[in-house]
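Shown next, in structure tokens, is the structure this report addresses.
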Amino acid sequence: MSSLEIIAGKTRIGWIGTGVMGASMCGHLMDAGFSATVYNRTKAKAQSLLEKGATWADSPADVAKNSDVIFSIVGFPQDVRSVLLGDTGALSAAAPGSILVDMTTSQPSLAVEVYEAAKAKGVVSVDAPVSGGDVGAKNGTLSIMIGGDADVVESLQPCWNAMGKTIVHQGPAGAGQHTKMVNQTLIATGMIGVCEALLYGYKAGLNLDTVMKSVSSGAAGSWSLSNLGPRIIDNNFDPGFFVEHFIKDMGIVLEESKKMGLSMPGLALGHQLYLSVQAKGYGRNGTHALQLALASLSDIDWKNR
């Protein structure tokens, strides 16, 4: 159990993973007054933070050596295992009483494993996946779903406040990840509706911008429609969240569902459709690139419509 008091200007923050989400999130912590030591596999992606005053570290272990609270947000469960539990992972050099905060969307079972491994070394671990995409990360309005010890979660409030708007402690280790799986299930099937609706509107000859004005504020409205609908219309498929990462998330949900004896046919359909998106070469595009795969089923070249 950590007795660390989190104070901007005093508490040293470490950050592992400075991609689409991580760079903005770490930047908000620095804006709140926290000094930061950062690591990323590709140093160039940390450049904006280094220019802001962050210190570079050559490994996750080096981040931990110079930090009281070590945040991580990487791509896949195997990356989490590497940067936290590997030979040069953060836990190998984390001081007793320090805190690991993994904000990657990952396996609930791995979150529990990290928690137990950390506890054995006198370190505390918290799983805190987020929702809100690149927009939420940039605006500091993420929804943060947290699993871990209640007192530790509460002590981290100054950090949560810098990055998010909806901050909820869901329960013990792994509970944050399970909640994120609920979130991803909602998004997967919802995105099918967004894309198919816009396809219908296009084929019917409607002006999609005016259609959006009518449907986005009523019962059919959603975050995906309001935030990603305009991007789909404008052929902007830049990633707020990568297709390949979303496929990973759906795979985790389906794996956990199988363990629980749950049938999830809607999610299974979403998973298959997203595999087709990846097969078409859009794995590094945003989740709304589903539009390109669905359009092709009806022989519509969406980008050149």
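The values are calculated or read from the model by the stated rules, or taken from the named source; none is laboratory data. Bear in mind the structure is a predicted one, so any value in this text is a computation, not a measurement. Here Cβ is always computed from backbone atoms with ideal geometry, including for glycine, and neighbour counts include all displayed protein chains.
The table for this structure:
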quantity: All positions within the stretch 195-225 that are surrounded by 14 or more Cβ atoms within 10 Å (Cβ to Cβ), of a type outside the set (A, V, I, L, M, F, W, C) and under 24 Å from the mean Cα position of the chain (by Cα); calculated: Ser222, Ser224
quantity: Residues located in the stretch 26-49, provided they are closer than 20 Å to Ala8 by Cβ and hydrophobic (A, V, I, L, M, F, W, C); calculated: Cys26, Leu29, Met30, Ala32, Phe34, Ala36, Val38, Leu49
quantity: Neighbours by Cβ (under 6 Å, 6+ apart or cross-chain): first from the stretch 204-218, under 16 Å from Leu228 (Cβ atoms) and in the same structural domain as Met191 (by TED's automatic domain parsing); second among the hydroxyl-bearing types (Ser, Thr, Tyr) and in a helix (DSSP H, G or I); calculated: Ser216/Ser226
quantity: In the stretch 129-168, the residues that are surrounded by fewer than 23 Cβ atoms within 10 Å (Cβ to Cβ), among the aliphatic types (A, V, I, L, M) and under 18 Å from His245 (Cβ atoms); calculated: Val135
quantity: Hey, Ala111 under 18 Å from the mean Cα position of the chain (by Cα) and buried (at least 16 other Cβ atoms within 10 Å of the Cβ) or not; calculated: yes
quantity: Unmet criterion (only one of (1) in a loop (DSSP other than H, G, I, E, B); (2) under 25 Å from Gly251 (Cβ atoms); (3) not acidic (Asp, Glu)) for Pro96; calculated: (2)
quantity: Number of positions in the stretch 8-55 that are in contact (Cβ under 8 Å) with a residue 40 or more places away in the chain, surrounded by fewer than 19 Cβ atoms within 10 Å (Cβ to Cβ) and aliphatic (A, V, I, L, M); calculated: 2
quantity: Unmet requirement for Ser82, which otherwise passes all of (1) in a strand (DSSP E or B); (2) more than 23 Å from Ala8 (Cβ to Cβ); calculated: (1)
quantity: Helices (runs of 4 or more DSSP H) contained in the stretch 218-278 and holding at least 1 residues in contact with a strand residue (DSSP E or B) (Cβ under 6 Å, 6 or more places away or on another chain) and basic (Lys, Arg); calculated: none
quantity: Failed condition for Leu85, given (1) surrounded by fewer than 21 Cβ atoms within 10 Å (Cβ to Cβ); (2) among the hydrophobic types (A, V, I, L, M, F, W, C); (3) over 21 Å from Arg41 (Cβ atoms); (4) modelled with pLDDT of 95 or more; calculated: (3)
quantity: Residue tally, condition of a type in the set (Ser, Thr, Tyr) and surrounded by fewer than 20 Cβ atoms within 10 Å (Cβ to Cβ), over the stretch 256-305; calculated: 5
